[in-house]
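Peer 1: Okay, here's the structure, questions in a sec.
The values are calculated or read from the model by the stated rules, or taken from the named source; none is laboratory data. All of these numbers come straight from a predicted model, not from anything done at the bench. Counting neighbours? That spans all protein chains shown, and the Cβs are built from the backbone with ideal geometry, glycine included.
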Amino acid sequence: MSYTLRGRLETRLATAALPVLAAALLSLALREWWPLQLAATMLAVGLVLDAAVYHRLLAYQPGWVALPLGLVELGLTMALVLRLDVAAPLGPALWFFLASWLLAQVLGHALLPLLHLTYGDDGGELGRGGRALSAAAPAALVLVLGIAWAAQPPTVRLEGGTIQGPLVLDRPQVVDGGGTVVRGGILITSDDVTVRDVTVFGGEIGIEVRDSEDVLLERVRVGGASLDGINARRSSLTVRDCEIDSPDVGGAQGIDISFAMMLPPSVVEDCSVRGGGEGIVSHLAHVDFRRNHVSATSLRAIAVTEMSMGSVARNVVEDATGVGIFCGDWSHCAIRENSVTGTRADPSGNPTRAGHGVVSHYYAVAELDDNQLDRGAAAFIHGRFDDLR
Amino acid sequence: MSPRCAIVGAGLGGFVAYAALRHAGLEPAEIAVLGERPDADPAAAWRVRAAAIRQQRMRSESDGHCAPTSFPGLAVREAVRNGSPGPLLLSACDRYRPSVAEFLSHVDELRDRSGWDESVRQNRIERVAAVAGGFELDGRGPFRHVLVAPGHPGLAVPAELAGDARTVHAYEPHDYAARVAVVGAGMAAATEWLNALAAGAEVVSVRRREPARRPLNVARPLFSKRGLAGFHATPRAPRAELLRRLGAPSYPPGRSWDAPVERAAREGRFRVAADPGGAEQVICATGFRRGFEHDPLLRRLVEEHGLETEGRWIVLADDSTVPRLTDGTRTLALAGVPAQWAYPAADTLVGMKYVARRFARRVVACPTR
């Protein structure tokens, strides 16, 4: 086939229509954006290559050339998907691409020539149908973007000052606090909740997250809670730029993320946690703790334990009693580029709490890389270190 | 039901147009096909020529058939029948050449399926006259829409060989003498070299220029809009010159063509010469006479209606209609070799379809039909 430029673009749009529709339905069914994002990326890659490369290089395109071109498009599409952080699982994404490519071959070689008699003569152009398709494509794009915009959770702007909690967030929404103080805590029980620029004061737990995914806590401050600053169960969340001031009681935890092994990883980054028994801790969860400042804890500053999997990187730990960074109970931890200083021994005399910078305990495996520890690292009860350097 | 359109010529060009009209929704009674032959076989003339040069394979590819849609092509048909993906893989690599038997079998099936025989009348048309409301064909009609597919205007034999008793045209039935001169350098000539060598003859290739080697009659982009856009935009004189160049003899590249010739050359049984010399038999693989003036019907059409011409071509619109005689209410289109002005490969099956599809579109779209 010797495609004209218009023919290439119209054929591309015609063959992509069904995959895009399927992706839209899949997105609705899964309540995930990645199918539509993947389809849009595929289409965008194809259209750009059509206009910028294929039309110039291929005055005539034998049938077999579709195979290497398909591989090129697959590579570029997957590279873009990774680059744009599209959350498409690799296997389904590859199958989706393969099915779309095969469909395009069937349409291009069989169905379109049957539906539009002069398809081949016209270099892949589809006549009035093609023009309608070209006009409909931007409209469809606007429609999808409109739906995406309309489907965004509503934003609730708090008026500032102090409001009495507890505040219960049980549906998707964005709470823009604007510096508002919430007394008595916040309870989140819904997916797709964002809370930002809020100070929480008082209550037993500052911010409690239950059975929720895609939760973002950004620029939140918690103080005066009698137990935990942030406590998440069976949830996946991101905590960013937070400040937690925990009480000096044994069981208090700054941030506790637990029982979420089957959920996407949770992230705690750029937070400042002070006081309490444990600063940042996970139990049976997949976590990423990075660039946090944790100080003055009485049990452990950062703990990844009870069969958790976690990365602990570029954190600064100061003045912790007992243990700086703890990897325990069959957990696997990647501990890199942290600074742990000023740790001191627990007055109990327990050798596992002798002020170690890092402890690997009870069958835990900790990979260490480029950490600065002024009291060294120790392993107990089959705990192990894999020193990368 | 009276015919809504007429096809002048009942060969492959007319047959392809007929199939396109049927696909567009016309009934057999709405199409009048006027041909010279007593039988209605659309491939009759072609069969004789293919048999004369012992042609086994088509030069065209999977879509070189007479059906109105390019899919399913002959490769698909053969793959399904044999239960093998081989033809499809060859087609994807532009290596599929259907057999002559495959092509003719498809013609026969389409002939039965389309109702062709119901529409064909034996009438040699000598004059197409534009009249109010359409065209009269030797006084019949008027027909609003007429497609003229007259075929090639006779075999071309060089003047210096016309009276030579040794001479036979490649497209006429013949056997091979012990020493054969083959005049020409195109597909038929190349086929005849191999035929004569296979028959044990000593072959002299008589040619004025080295043949071009290309898979199809013209470069592939010229088969579709991408290449045609530039061709259609070319001014008349250079366009005629371009057509003359495209008409130079050529045959496909490949070992199956070269190996027997090279082997025979080594054995002293094949050589190139400027004239037939003392050959016992001179086979003129020199194709057909070229130009509308060799066809009485087209010559008269040009003379009586003052049609524009350039060199040996009638000037046509891009859709192969005759501009002076075509408007919103009537159509006169040319198909086959006289349509080269609109489509350089008009004498191929794909070229015939190009014209047929556009003619059918005009017939169906005409508000006065």
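Peer 1: Tell me which residues, restricted to region B:10-40, are over 16 Å from B:V107 (Cα atoms), crowded, with 21+ Cβ neighbours inside 10 Å and not hydrophobic (A, V, I, L, M, F, W, C).
Peer 2: Within region B:10-40, just B:G35 meets the criteria.
Peer 1: Name the residue that is surrounded by the most Cβ atoms within 10 Å (Cβ to Cβ), counting only residues in region B:353-369 that are of a type in the set (K, R) and within 12 Å of another protein chain (Cβ to nearest Cβ).
Peer 2: B:K353
Peer 1: For region A:214-267, give me each residue that is within 16 Å of the chain's Cα centre (by Cα) and polar (S, T, N, Q).
Peer 2: A:S235, A:S236, A:T238, A:S266, listed by residue number.
Peer 1: Sticking with this one: Is it the case that B:R220 is at pLDDT below 90 and surrounded by 12 or more Cβ atoms within 10 Å (Cβ to Cβ)?
Peer 2: So B:R220 passes the test.
Peer 1: Which condition number does A:R12 fail, the rest of (1) surrounded by fewer than 21 Cβ atoms within 10 Å (Cβ to Cβ); (2) assigned to a helix (DSSP H, G or I); (3) not aromatic (F, W, Y) being met?
Peer 2: Failed condition: (1).
Peer 1: Filter region B:220-245 down to residues that are touching a residue at least 12 places away in the same chain (Cβ under 8 Å) and out of contact with any helix residue (DSSP H, G or I) (no Cβ under 8 Å at 6 or more places or on another chain) and give me whichever is farthest from the other protein chains (Cβ to nearest Cβ).
Peer 2: B:A237
Peer 1: Scan region B:330-347 residue by residue and report those that are outside any loop (DSSP other than H, G, I, E, B) and either of a type in the set (S, T, Y) or within 12 Å of chain A (Cβ to nearest Cβ) (or both).
Peer 2: Residue satisfying the conditions is B:T331 alone.
Peer 1: Next question, about the same structure. Can you tell me which residues in region B:111-125 are assigned to a helix (DSSP H, G or I) and either touching a strand residue (DSSP E or B) at 6+ places or on another chain (Cβ under 6 Å) or within 14 Å of another protein chain (Cβ to nearest Cβ) (or both)?
Peer 2: Within region B:111-125, just B:S119 meets the criteria.
Peer 1: Among the residues of region B:1-38, what is the count of those that are among the aliphatic types (A, V, I, L, M) and part of a strand (DSSP E or B)?
Peer 2: Going through region B:1-38 one residue at a time, the tally reaches 7.
Peer 1: Shifting gears a bit: Those residues that are surrounded by 11 or more Cβ atoms within 10 Å (Cβ to Cβ) and within 14 Å of another protein chain (Cβ to nearest Cβ), I need them from region A:121-159; list them, please.
Peer 2: Residues satisfying the conditions are A:D121, A:D122, A:G123, A:G124, A:E125, A:L126, A:G127, A:G130.
Peer 1: Given (1) farther than 19 Å from A:V365 by Cα; (2) surrounded by 24 or more Cβ atoms within 10 Å (Cβ to Cβ), identify the lone condition not met by A:F259.
Peer 2: Of (1) farther than 19 Å from A:V365 by Cα; (2) surrounded by 24 or more Cβ atoms within 10 Å (Cβ to Cβ), only one is false for A:F259: (2).
Peer 1: How about region A:81-173: which strands (runs of 3 or more DSSP E) wholly inside it have at least 2 residues that are over 20 Å from A:V45 (Cβ atoms) and polar (S, T, N, Q)?
Peer 2: Correct list: A:162-164.
Peer 1: So if I check each of B:V302, B:V350, which one is in contact with a Gly (Cβ under 8 Å, 6 or more places away or on another chain) and either within 14 Å of chain A (Cβ to nearest Cβ) or not aromatic (F, W, Y) (or both)?
Peer 2: Checking each option against the conditions leaves just B:V350.
Peer 1: Follow-up question, since we're still on this one. If a residue must be surrounded by 19 or more Cβ atoms within 10 Å (Cβ to Cβ), part of a loop (DSSP other than H, G, I, E, B) and out of contact with any Phe, Trp or Tyr (no Cβ under 8 Å at 6 or more places or on another chain), how many such residues does region A:356-378 contain?
Peer 2: Residues that pass the stated criteria total 2.
Peer 1: May I pose another question? Scan region B:9-30 for residues that are closer than 10 Å to B:A67 by Cα and away from chain A (no Cβ under 14 Å) and report the count.
Peer 2: Counting residues in region B:9-30 that are closer than 10 Å to B:A67 by Cα and away from chain A (no Cβ under 14 Å) gives 2.
Peer 1: Taking A:G75, is it surrounded by fewer than 19 Cβ atoms within 10 Å (Cβ to Cβ), assigned to a helix (DSSP H, G or I), modelled with pLDDT of 95 or more and within 14 Å of another protein chain (Cβ to nearest Cβ)?
Peer 2: No; evaluated as a whole, the condition is false for this residue.
Peer 1: Now, a different point. Would you call A:L98 within 29 Å of the chain's Cα centre (by Cα), more than 14 Å from every other protein chain (Cβ to nearest Cβ) and over 20 Å from A:L111 (Cα atoms)?
Peer 2: no
Peer 1: Under the condition of being closer than 16 Å to B:R95 by Cβ and touching a residue at least 40 places away in the same chain (Cβ under 8 Å), which residue from region A:47-65 is farthest from the other protein chains (Cβ to nearest Cβ)?
Peer 2: Looking at the filtered set, the residue picked out is A:Q61.
Peer 1: Let me ask you something else. Please specify each residue of region B:125-165 satisfying the condition of being basic (K, R) and over 13 Å from B:R300 (Cβ atoms).
Peer 2: The answer is B:R140, B:R144.
Peer 1: Looking only at residues that are over 23 Å from the mean Cα position of the chain (by Cα) and part of a loop (DSSP other than H, G, I, E, B) in region B:211-240, which one is nearest to B:T191 (Cα to Cα)?
Peer 2: Selected residue: B:T234.
Peer 1: So, one more: Of everything in region B:72-110, what is in a loop (DSSP other than H, G, I, E, B), buried (at least 19 other Cβ atoms within 10 Å of the Cβ) and in contact with a helix residue (DSSP H, G or I) (Cβ under 6 Å, 6 or more places away or on another chain)? Give them in sequence order.
Peer 2: B:Y96, B:P98
Peer 1: Take B:F292 and decide whether it is under 18 Å from the mean Cα position of the chain (by Cα), within 14 Å of chain A (Cβ to nearest Cβ) and either surrounded by 20 or more Cβ atoms within 10 Å (Cβ to Cβ) or more than 24 Å from A:S2 (Cα to Cα) (or both).
Peer 2: In short, no.
Yes/no per residue for (1) surrounded by 18 or more Cβ atoms within 10 Å (Cβ to Cβ); (2) at pLDDT below 95:
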position	(1), (2)
B:D275	no, yes
B:F288	no, yes
B:E303	no, no
B:I314	yes, no
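Peer 1: Follow-up question, since we're still on this one. Scan region B:321-331 and give yes if some residue there is surrounded by fewer than 18 Cβ atoms within 10 Å (Cβ to Cβ) and either closer than 30 Å to B:Y176 by Cα or small (G, A, S) (or both), otherwise no.
Peer 2: Yes.
Peer 1: Only one residue in A:L49, A:L26 is more than 23 Å from A:I147 (Cα to Cα) and either of a type outside the set (G, A, S) or outside any helix (DSSP H, G or I) (or both), so which one is that?
Peer 2: Going through A:L49, A:L26 in turn, the sole match is A:L49.
Peer 1: Please tell me if B:V206 is away from every other protein chain (no Cβ under 14 Å) and among the β-branched types (V, I, T).
Peer 2: Criteria met by B:V206.
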